[in-house]
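First the structure, in the form of structure tokens, and then the observations on it.
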Amino acid sequence: MNLEKILSDLENRNPGQDEFLQAVKEVLETIEDVVKENPKYEAANIIERIIEPDRIIKFKVQWVDDKGKVQVNRAFRVQFNNAIGPYKGGCRFHPSVTEGGLKFLGFEQIFKNSLTTLPMGGAKGGSDFDPKGKSQAEIMRFCHAFMAELYKYIGPDTDIPAGDIGVGGREIGYMYGMYKKLVGEHTGVFTGKGRNWGGSLIRPEATGFGAVFFAEEMLKTRGEGIAGKTACVSGFGNVSWGAITKLNQLGAKVVTISGPDGYVYDPDGISGEKIEYLLELRASNQDIVKPYTYEFPNAQFFEGKRPWEVKCDMAFPCAIQNELNAEDAQNLVDNGVLAVSEGANMPCTPEAMNIFLKNKILYGPGKAANAGGVATSGLEQTQNAMKLNWQKEEVEEKLHDIMKNIHEACVKYGKEEDGFVNYVKGSNVAGFIKVADAMIDQGVI
Ligand code: NDP
Ligand code: 2IT
């Protein structure tokens, strides 16, 4: 395949969609050898087909704020690829949401979902609506208006949305409620539903738990474990909370959390009542990081900085794309980091990623390390289809096994001659082969 030409054509066809181009470039560079060795992929023109979404639904959301003013937002659903199962992926509500950003996330989701071993295609959706500072009633009206349009394009066997940045249990409840009313069915069209009405008992914490399980598997390859290690985590959203909870359970000490305005360093560790306090702040829809230092004065807030300057054994970027750059990566390496496990999607820039690989750091890219969230969504769908509820322990055991299997697949396809495992290559190749083969089996459709 002519990688240079494919990438320059992609750039011309998708001007200004830098994150999408970044995600595609990373995947194509690592699967180049597999495509060369298997002429069937070129014969079926798989590469050009896999980088073009099946369709993008783009719509207007109108809603009335608490002052009676009519607000307008843009919303999208990118249905990228359904070769191995119905479209599946989260919805993001954040002012930075654009069509290109959701294309990057939808593209990543294809390979991530493939890695889970469950039958799920790739999709992503969302809106430039900013939930910050909005009242509960405003969030409800927005979610209802969003679903009043999207419901036409989704269904339990067609496309199953879930949460992402700015979309948690509350938003899913409102969206699901409107879907149910319009369609007249109580089917499992969303995952991340309330625990008392069809949701998996550990879906909220699953992504963070999975990222820690993945780190544990990586560390095992070097005879190391989680207990006694220090971790830097970024963000304090759904994924960070899950990661921090599991890290504490396994005996690690978490010393940072962050927000868009800076990070908190707590040398005593973030655990127990501190986590509860953070959850209370979060539920109030306000900035949470700085107020933490008022309550726990041993902690310090570093305005405008990122947590990666703090010495740690493990780093868990769990906030947003491109939140860890080359300088941050070099800081982590210089400070002796052993493992980096991405809870967020594409949080490391390509330059940061190359620094980790060059220094042979255990580096778990998001599409492998954070796949536990969507995997547990898959388990939630299974429970809904069977009309059964599984216990917490049972779901966590299944999630743990899935993360181990994903790690094994990465080792299978990513182990280099000197024994170093390139998890970027491993995850991309493993994810790609399954989807590409399914596309060939199904013909040109
Ligand atoms: P949440 O909305 O729950 O949390 C996002 C967190 O990131 C918040 O603490 C937010 O702070 C913080 N944040 C936002 N922008 C920045 C920034 N520029 N710098 C530092 N912190 C920032 O989202 P999730 O936890 O669900 O998602 C986090 C990441 O994980 C995303 O990349 C998402 O795509 C990925 N992911 C999520 C999954 C899920 O199941 N939810 C599954 C797999 C991946 P504040 O609230 O103060 O703005
Ligand atoms: O990025 C992701 O994997 C998610 N936001 C979760 C998707 C899902 O369908 O559970």
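The values are calculated or read from the model by the stated rules, or taken from the named source; none is laboratory data. Owing to the predicted nature of the structure, the values given are computational and were not obtained by experimental measurement. Positions of Cβ are generated from backbone atoms using ideal geometry, with glycine treated the same way; all protein chains shown enter the neighbour counts. When the accessible area is computed, the model is the full protein with side chains, heavy atoms only, and any ligands, DNA or RNA have been set aside. Shrake-Rupley method; radii C 1.70, N 1.55, O 1.52, S 1.80 Å.
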Query raised in the report: When the gyration tensor of segment 94-217 is built from Cα positions, what are the square roots of 5 times its three eigenvalues, in whole Å, from largest to smallest?
Result: 23, 18, 16
Query - Projected label distance in nm at Ala44 and Ile56, using a 7 Å step from Cα toward the beta-carbon - result: 2.6 nm
Requested in this report: Among Gly372, Asn335, Thr349, flag the residue with its Cα farthest along the positive direction of the charge dipole of segment 299-419, charges on Cβ as +1 for Lys/Arg and -1 for Asp/Glu.
Outcome: Gly372
Query raised in the report: How do the peptides 427-434, 166-173 rank, highest first, by the average count of neighbouring beta carbon atoms within 10 Å per residue?
Result: 427-434, 166-173
Query raised in the report: What is the magnitude of the charge dipole of the chain about its Cα centre, with +1 placed on the Cβ of each Lys and Arg, -1 on the Cβ of each Asp and Glu, and no other charges, expressed in debye to the nearest 20?
Result: 1200 debye
**Report entry** Which of Val70, Val27 is most accessible, then next, and so on - probe 1.4 Å
**Finding:** Val70, Val27
Query raised in the report: Tell me, what % of the accessible area of segment 332-377 is carbon and sulfur with a 1.4 angstrom probe?
Result: 52 percent
Query raised in the report: At a probe radius of 1.4 Å, what is the per-residue accessible area of Asp401, in Å² to the nearest 10?
Result: 80 Å²
Query - Solvent exposure of segment 1-47 as accessible area per residue, Å², 1.4 Å probe - result: 56 Å²
Requested in this report: With a 1.4 Å probe and every protein chain left in place, work out the accessible area per residue of segment 224-342 in Å², rounded to a whole number.
Outcome: 40 Å²
Requested in this report: Counting only C-alpha contacts under 8 Å and six or more residues apart, can you give the relative contact order of the chain as a whole percent?
Outcome: 16 percent
Report summary line: Excluding ligands, DNA and RNA, the carbon-plus-sulfur percentage of the accessible area of segment 242-323 with a 1.4 Å probe reads 46 percent
Report task. Over segment 1-107, with every protein chain in place, what whole percent of the accessible area is carbon and sulfur at 1.4 Å, could you tell me? Result -> 44 percent
Requested in this report: With a 4.7 Å Cβ cut-off, tell me which Cys residues in the chain come up empty for a partner.
Outcome: Cys91, Cys143, Cys318, Cys348, Cys410
**Report entry** Burial ranking of peptide ranges 369-378, 81-90 (average Cβ count within 10 Å, highest at the top)
**Finding:** 369-378, 81-90
Report summary line: Of the residues Cys312, Thr293, Tyr277, the Cα lying farthest along the dipole of segment 272-322 towards its positive end, which is defined by charges on the beta carbon of Lys, Arg, Asp and Glu, belongs to Cys312
Report summary line: Note to self: with every protein chain in place and a 1.4 Å probe, segment 80-169 gives an accessible area per residue in Å² of 27 Å²
Report task. Starting from the residue with the highest accessible area, list Met120, Met140 in decreasing order, probe 1.4 Å. Result -> Met140, Met120
Requested in this report: Kindly provide the helix-only [θ] at 222 nm of the chain, computed as the sum of -39,500 (n - 2.57) over DSSP H runs of four or more divided by all residues, to the nearest 500 deg cm²/dmol?
Outcome: -15500 deg cm²/dmol
**Report entry** Nearby lysines by direct alpha-carbon distance to Lys434 (threshold 17 angstrom, same-chain neighbours under 8 apart not counted)
**Finding:** Lys36, Lys40, Lys88, Lys112, Lys367, Lys412, Lys425
Requested in this report: Find the relative contact order for segment 130-279 and round it to a whole percent, using C-alpha pairs within less than 8 Å whose residues are 6+ positions apart.
Outcome: 16 percent
Query raised in the report: Which of rounded, prolate, oblate describes segment 241-383, given a ≥ b ≥ c as roots of the alpha-carbon gyration tensor eigenvalues and a/c under 1.5 marking rounded, otherwise prolate only if a/b is larger than b/c?
Result: oblate
Requested in this report: Rounded to the nearest Å, what's the spacing between the alpha carbon centres of segment 1-63 and segment 138-155? Just the number, please.
Outcome: 29 Å
Query raised in the report: Hey, got the Cα dimensions of segment 361-435 along the principal axes, in Å, largest first?
Result: 47, 26, 16
Report task. With the cut-off at 35 Å, report for the chain the share of all Cα pairs above it, as a whole percent. Result -> 25 percent
